[in-house]
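Just below is one structure, and these are the notes that go with it.
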């Protein structure tokens, strides 16, 4: 089966899946793209070129894989569902710059695969992430420290959370995490009509350019994220009270109030209005 054959229209996709006896799994969050324009748009706006090696998580039947193979130096497509592996391998059997791997992004040691398969290439992620693993998958990809950019299609509410501004309802600990390590931007929305089965929510494509250097050392990052988690752990509480709930064993509420005031913050401020730099400054006092 030639990798240039279009299997992504509704009719062709159904025929392909029927031929392999495939049924969609709700537990795996499977929604396959049927609008052929979307994968091309994702690949193009990701900024990937022939100097790039790409990890694609959850390729499905290869709609995005097909487009990535045109623009990237190499594509490693990582699929959890064993039933999809024969479909993907048959589709890309003649495509020398695509490798199909069966595995779980949350469990697989991806560093060795990336280093072995993509020597001399810059490393990037481009994927239509399964909805049920979106946040943990993004966390694993960022924390791996392997990639220069991460372009993913996710539920729009997740995209808004990643790119939220301090003080907005969507802003939270995951926002701070994503913005500490990356510079995220929403590229475009994707309608439910572009998928089968059709999801109940709108999706969005987010590109996260990974920062070359982090502001804190690894040891200091532990304190930083402890402060962030504390600040958002009880959103209705003031920052002082939220921090006291976590650091109360070693610091009095009065001492925490003085730290907050020493950071030029109102002692009645809530953590949800602090930006990344303010959290960095605040955490330095707790070190």
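Among 96, 170, 185, which one moves the most in a GNM of the chain with springs linking Cα atoms closer than 10 Å?
96
Starting from the Kirkwood Rh over alpha-carbon pairs, what translational D in µm² s⁻¹ does the stretch 180-287 have by Stokes-Einstein at 10 °C and 1.306 mPa s?
99
Normalised by the empirical 2.2 N^0.38 Å for globular proteins, what value does the Cα Rg of the stretch 142-209 take?
Its radius of gyration relative to the 2.2 N^0.38 Å reference: 1.16.
Let me know the volume per residue of the alpha-carbon convex hull for the chain, in Å³.
Hull volume over Cα atoms, normalised by residue count, gives 131 Å³.
Can you give me the angle between helix 10-19 and the longest principal axis of the chain, using Cα atoms only, in degrees from 0 to 90, rounded to the nearest 10?
Rounded to the nearest ten degrees, it is 80.
For the chain, set up a GNM with springs between Cα atoms under 10 Å and report which of 214, 163, 194 has the largest fluctuation.
Looking only at 214, 163, 194, the largest GNM fluctuation is found for 214.
Tell me the relative contact order for the stretch 56-173 as a rounded percent, counting alpha carbon contacts under 8 Å between residues six or more apart.
24
In nm, what is the difference between 0.36 nm times the number of residues separating residue 85 and residue 235 and their Cα-Cα distance?
49.6 nm
Looking at the chain, send over the antiparallel percent of its DSSP beta bridges, to the nearest 5.
The answer is about 45 percent antiparallel.
Taking the chain as a Gaussian network, where each spring joins two C-alpha atoms under 10 Å apart, which residue of 51, 168, 217 fluctuates the most?
Evaluated over the chain, the most mobile residue of the options is 217.
Helix 253-262 versus the longest principal axis of the chain: what angle, 0 to 90°, nearest 10, using Cα atoms?
With both axes taken from Cα atoms, the answer is about 70 degrees.
Round to a whole angstrom and tell me the spacing of the C-alpha centers of the stretch 252-287 and the stretch 162-187.
19
At a Förster distance of 25 Å, what's the computed FRET efficiency of residue 41 paired with residue 148, Cβ-Cβ distance as r, to 0.05?
Computed FRET efficiency for residue 41 and residue 148: 0.75.
Along its three principal axes, how long is the stretch 103-158 when you only count alpha carbons? Whole Å, largest extent first please.
36, 21, 17
What FRET efficiency, computed as 1/(1 + (r/R0)^6) with R0 = 41 Å and r the Cβ-Cβ distance, is obtained for residue 245 and residue 109, rounded to the nearest 0.05?
The computed FRET efficiency comes out at 0.70.
Expressed as a whole percent, how much of the Cα-Cα distance distribution for the stretch 236-287 exceeds 16 Å?
Every Cα pair in the stretch 236-287 considered, those over 16 Å come to 30 percent.
Can you sort 247, 224 from fewest to most other Cβ atoms within 10 Å of each residue's own Cβ?
Result, fewest neighbours first: 247, 224.
Expressed as an acute angle from 0 to 90° and rounded to the nearest 10, what is the orientation of the C-alpha long axis of helix 276-286 relative to the principal long axis of the chain?
The answer is roughly 50 degrees.
Coordinate-derived values only; no laboratory data. Everything numeric here is computed off the predicted structure, so don't read it as measured data. Counting neighbours? That spans all protein chains shown, and the Cβs are built from the backbone with ideal geometry, glycine included.
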